[in-house]
Amino acid sequence: MDPLHLTLRQLQIFAAVAHAGSTAAAGDAIGLSQSATSAALKELERVLDAPLFDRVGKRLQLNSNGRSLLPRARSLLDGAASLQRTARGELDTPDALRIGASTTIGNYVLPRWLSLHWAPWYAAQPPEWHAEVKIGNTAEICRAVADFTLDIGLIEGPCQDPLLHTRPWLRDELIIVASPRLARQLQPQATAVPVSVLRQQVWLLREAGSGTRVATDLELLPHLRAYRRSIELGNSEAIKHAAAEGLGLACLSEWVVADLVKSGRLARVPTTLPRMRRPCYVVLHRHKQMTGGLERLTASLMQNES
């Protein structure tokens, strides 16, 4: 077997530079001086006999060699971190898990799911432990899983990244809601609101990149053709409260609006549109090193798919 001339530390420095865009910023992130970081990067490029970055002013941008190396480097670093946790006896503890969830799942589904299905396991762990849950839109969670900064992602929108493996999980129903006053105006005869009327309304929308916006576009735009009047808001909480104040129609997850519908601040608007259901997914990196804790979490999630 040929001796290895590159080290995990060199790969860690390379990944840090790829993320930060400069040796100075990467050095700050991993506790090295700028000169030491730069020297390690140059040595790695010498060992591989290939440049990994294009120098653009003070910024370092991955070239084709670097883009090819980065996912493999992160996979090796993730595996090494798993071995290190095993050596410290942390392989099967919650703090070895980094869970990502897109906004609707993270705010309305995951807390209850963890409480119902994982509370007994948490209670059996040592007195000191730390778990990490990151909430972001679908695109952000997929990027973090692809970068190995998250172990697993739970998302509401489709993911096309070839590095990731997606498995269907829950199904979420999207419903159209409005303030009770607006709902009565739209359906004075208590009949389903036709598409021609829906096209004239103000639509309250999530930002591009969110799973809710992708699902809304897929379900509504074939019928509405366009949002002629719209207000874009950065999260579903803002949208449902804007709808409750009468600012327009919202198409949101039933999970999101259940509380305000129950309290009477929002009303469900029956329409002539077909029923809208979207799949949610469990996302894993194809080269992820599976720990005992991650295998247990994944198996538990898939037992509760619907």
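The values are calculated or read from the model by the stated rules, or taken from the named source; none is laboratory data. Source: prediction; values computed, not measured. Because the Cβ atoms are built from the backbone with ideal geometry, glycine has one as well, and the counts that use them run over all protein chains shown.
Say we look at the range 161-179 and pick out the residues that are in contact with a helix residue (DSSP H, G or I) (Cβ under 9 Å, 6 or more places away or on another chain) and not in a strand (DSSP E or B); which of these is nearest to Cys251 (Cα to Cα)?
Among those residues, the one meeting the criterion is Ser179.
On the basis of being within 26 Å of Ile155 (Cα to Cα) and either in a loop (DSSP other than H, G, I, E, B) or not basic (Lys, Arg) (or both), does Ala208 make the cut?
In short, yes.
So in the range 204-231, with the set limited to residues that are charged (D, E, K, R) and in contact with a strand residue (DSSP E or B) (Cβ under 8 Å, 6 or more places away or on another chain), which one is surrounded by the fewest Cβ atoms within 10 Å (Cβ to Cβ)?
By that ranking, first place goes to Arg229.
Considering only residues that are closer than 19 Å to Ala208 by Cα and of a type in the set (Asp, Glu), look in the range 126-171 and name the one that is surrounded by the fewest Cβ atoms within 10 Å (Cβ to Cβ).
Per the stated criteria, the residue is Asp161.
Just one of (1) exposed (fewer than 14 other Cβ atoms within 10 Å of the Cβ); (2) in the same structural domain as Gly136 (by TED's automatic domain parsing); (3) of a type in the set (A, V, I, L, M, F, W, C) trips up Leu284, so point out which.
Result: Leu284 passes all but (1).
Are there any helices (runs of 4 or more DSSP H) wholly within the range 1-63 with 1 or more residues that are at pLDDT 85 or above and farther than 24 Å from Gly79 by Cβ, and if so which?
Output list reads 23-30, 34-48.
Is it the case that Ala36 is outside the structural domain of His285 (by TED's automatic domain parsing) and either without any contact (Cβ under 8 Å) to a residue 12 or more places away in the chain or farther than 28 Å from Asp151 by Cβ (or both)?
yes
Just checking, does the range 84-95 include any residue being modelled with pLDDT of 85 or more and surrounded by 18 or more Cβ atoms within 10 Å (Cβ to Cβ)?
no
Look at the range 129-160 and say how many of its residues are aliphatic (A, V, I, L, M), in a helix (DSSP H, G or I) and in contact (Cβ under 8 Å) with a residue 60 or more places away in the chain.
Summing the residues that are aliphatic (A, V, I, L, M), in a helix (DSSP H, G or I) and in contact (Cβ under 8 Å) with a residue 60 or more places away in the chain in the range 129-160 gives 4.
Mind checking which residues of the range 190-207 are in contact with a Pro (Cβ under 9 Å, 6 or more places away or on another chain) and within 17 Å of Val177 (Cβ to Cβ)?
Ala190, Ala192, Val193
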